[in-house]
Amino acid sequence: MVERREAELVRAYRKFLTRRGLNADRYFCAAGITDLYVDHSDGPEVIEAKSNADHQYVRQALGQLLDYAPHSPRPASRLTGLFPAAPKDADISLLHRYGVDCVYLDASGSFIRREAPDTRRELMAQVWSEGLPETQSSSS
């Protein structure tokens, strides 16, 4: 049941992105398989979806995103946790501390994005790209 809720959330968000002219894909790497990968004009976004917005799920999304980011086909400019409802403010702050955006469905069925501060994202992007193979780090 949990996987189904997560898959439905991913499908709904992919449809939302498609309506905005964005192509959402996935990528496979040593760390696993991302839920979504969107190549924006300002750089790639790696998205990890969870079936629940409780603290343990927010932590899982954060850990997976930090694990996936260095393996992004092109250096990630944005990491995003995707949830079926709004996480608690403290959990959104946790994501933001590591430069990770939070996207969730609100009661009306709209996706809401709460962006991490640019300064945190820029700082963490340096961490995400450390230790990349030459072929990836030179393509940025």
query = How many residues does segment 17-56 contain that are touching a Leu at 6+ places or on another chain (Cβ under 9 Å) and closer than 14 Å to P84 by Cβ?
reply = 6
ask   = Any residue in segment 21-41 that is of a type in the set (K, R) and more than 27 Å from R4 (Cβ to Cβ)?
value = no
message = Please go through segment 32-47 and give me each residue that is assigned to a loop (DSSP other than H, G, I, E, B) and surrounded by 15 or more Cβ atoms within 10 Å (Cβ to Cβ), ordered by number.
response = T34, D35
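Under the condition of being open to solvent by 50 Å² or more (accessible area, probe 1.4 Å) and not in a helix (DSSP H, G or I), which residue from segment 48-83 is farthest from V38 (Cα to Cα)?
That would be D54.
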request  = For segment 86-130, name all the residues that are among the small types (G, A, S), surrounded by 12 or more Cβ atoms within 10 Å (Cβ to Cβ) and not in a helix (DSSP H, G or I).
outcome  = A86, G99, A116
query = Residues of segment 55-114 being closer than 20 Å to L17 by Cα and acidic (D, E), which ones?
reply = D101, D106
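The values are calculated or read from the model by the stated rules, or taken from the named source; none is laboratory data. None of the values given here were measured: they were computed from a predicted structure. Because the Cβ atoms are built from the backbone with ideal geometry, glycine has one as well, and the counts that use them run over all protein chains shown. Calculation scope for accessible area: heavy atoms of the full protein, side chains included, ligands and nucleic acids excluded. Shrake-Rupley method; radii C 1.70, N 1.55, O 1.52, S 1.80 Å.
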